[in-house]
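K.L.:
I'd like to ask some things about the structure below.
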Amino acid sequence: MSNEENDVFSGSVSSQPQIVNVQPAGNLMLVEKSSLPQILGVLVIIFGALSLLSALSNTLTIFVPEDSGALVPPNWIVIGQTITGSLISGATIFGGYHMFNYQKKGIWIALGAIGVGFLNNAVWSLLSVDYIDSQAEGFGAIAAGSSVVCGFLCSAICGLIVLMPLFFANHGME
């Protein structure tokens, strides 16, 4: 004989169900992610791509003949601006890609690229003062100063736009 045949269940059946006190699990609210990070991510990618094209188009000024009368900076300035501008534009595109994928690090990468871009613009403007003064007397300092001020204002506005997803509660950023 096996043990299964010896098992006997005993008890009584009640027609009244027993009430068990169970706490509800709470309300489950499903909130959709905001599409703002994706929209801004695409805009940051487009801005970075246009900046990259602008940085690469600077190299065309190397091929302008000197007797054309155009204001052509020295080659070392053009090459330096192209290299640094391309790197900063690449970082901006990379940050925009991460913003598009709802990653918070994309916001910080894009914001850092905008800040470094402002510093890059300020440095190259100040390095170009002597060259601009040689072409247009007394205009170099005015051009560099106005470039730095306008660059600061544009960078501040772009920075606030990039930070917009953090201003909303349901931004969905990870």
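A short reminder: the numbers here are calculations on the coordinates, not readings from a lab. Please read all numbers here as calculations on a predicted model, not as lab measurements. Here the Cβ is made from the backbone with ideal geometry for all residues, glycine too, and neighbour counts use every protein chain on show.
K.L.:
Pop a pseudo-label 7 angstrom from the Cα along the beta-carbon direction at both Val116 and Ser35 and give the gap in nm to one decimal.
P.N.:
Roughly 3.2 nm, to one decimal.
K.L.:
Another question about this same structure. Give a residue-ordered list of calculated ³J(HN,Hα) values for region 113-127 (Karplus: 6.51 cos²θ - 1.76 cosθ + 1.60, θ = phi - 60°; whole Hz; x for Gly, Pro).
P.N.:
5, 5, x, 5, x, 5, 5, 4, 4, 5, 5, 5, 5, 6, 6
K.L.:
Can you find, among Asn120, Gly41, Val148, the residue farthest towards the positive end of the dipole of region 32-167? Put +1 on the C-beta of Lys and Arg, -1 on that of Asp and Glu.
P.N.:
Of the candidates, Gly41 comes out farthest on the positive side.
K.L.:
Please grab the % of Cα pairs in region 129-174 that end up more than 18 Å from each other. Let's see the in-between values first.
P.N.:
Working: 556 of 1035 pairs.
Beyond 18 Å sits 54 percent of the P(r) for region 129-174.
K.L.:
Something else: Given the convex hull over the Cα atoms of region 32-167, what projected area results after averaging over all orientations, in nm²?
P.N.:
Values: hull surface 33.2 nm².
For region 32-167, averaging the hull's shadow over all directions gives 8.3 nm².
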